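This report refers to the structure that appears directly beneath it.
The values are calculated or read from the model by the stated rules, or taken from the named source; none is laboratory data. None of these values were measured; they are calculated from a predicted model. Methodologically, a virtual Cβ is constructed for each residue, glycine included, from the backbone with ideal geometry; neighbour enumeration extends over all protein chains shown. Accessible surface areas use protein heavy atoms only, side chains included; no ligands, DNA or RNA. Shrake-Rupley method; radii C 1.70, N 1.55, O 1.52, S 1.80 Å.
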Amino acid sequence: RDSVASRGLGDVYKRQDQRSFGFWVDSGNGVVTLPATLLLSHAATYGGDGYALSTKFVAVCGIVFNYQMLYGTVLYFCNYVLNGYARGASRASVATVIVANAIWIVFPGWWIRVCWDILTTDSFETLR
C-alpha cells in the first residue's frame, strides 16, 4: 500500500496495468480532452459573425470528441462492474470510481446536447 497520500499523475499511470482497457481509455480521454476543450472555449469566446470556423464544424467536432469520452467511460465502467473489480474494494474506493465515472458520463452528455444546439441553431449563442 502507498504511504504517500498524494501522487503525481505520472505515478498513477505507472501503477496501472498498461495492457488493460481502462488504461487506454484514460490515456485516450486525456489526449482528446485538450483539443475539444480548447476548440469549444475558443468558439465560446470569439465565435460569431466572421469566425474562422463554421458553427457546424465546431459542433460536429464537439459531438464526436464528447461521444468518444462518453462511450469510452461507459465501456470502462461496464468493464469495472461486470468483472467484479469492486469486490473486496473499500466503500470509499467504489464510491470514488462511481463519482469519477459519473463525471465523465454526465458532462460529455451535457456537451453533446450543447453541441447539438449549436448544430441545429447554426449559432454559438448556446455557449454564452
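Here are the numbers:
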quantity: Linear extension gain, Val31 paired with Trp116, 0.36 nm per residue minus alpha-carbon span; calculated: 28.3 nm
quantity: Largest-first principal axis extents, alpha carbons of the chain, Å; calculated: 56, 28, 25
quantity: Size of electric dipole in the chain: Cβ of Lys, Arg +1 and of Asp, Glu -1, about Cα centre, debye, nearest 20; calculated: 580 debye
quantity: Inter-label distance, nm, simple model (7 Å from Cα along the C-beta direction), Phe57/Ala44; calculated: 2.1 nm
quantity: Helix-only [θ]222 nm of the chain, DSSP H runs n ≥ 4, -39500 (n - 2.57) each, per residue, nearest 500; calculated: -25000 deg cm²/dmol
quantity: Residues of the chain: accessible area per residue with a 1.4 Å probe, Å²; calculated: 67 Å²
quantity: Mean Cα-pair separation over length for the chain, i.e. relative contact order, pairs under 8 Å, 6 or more apart, %; calculated: 32 percent
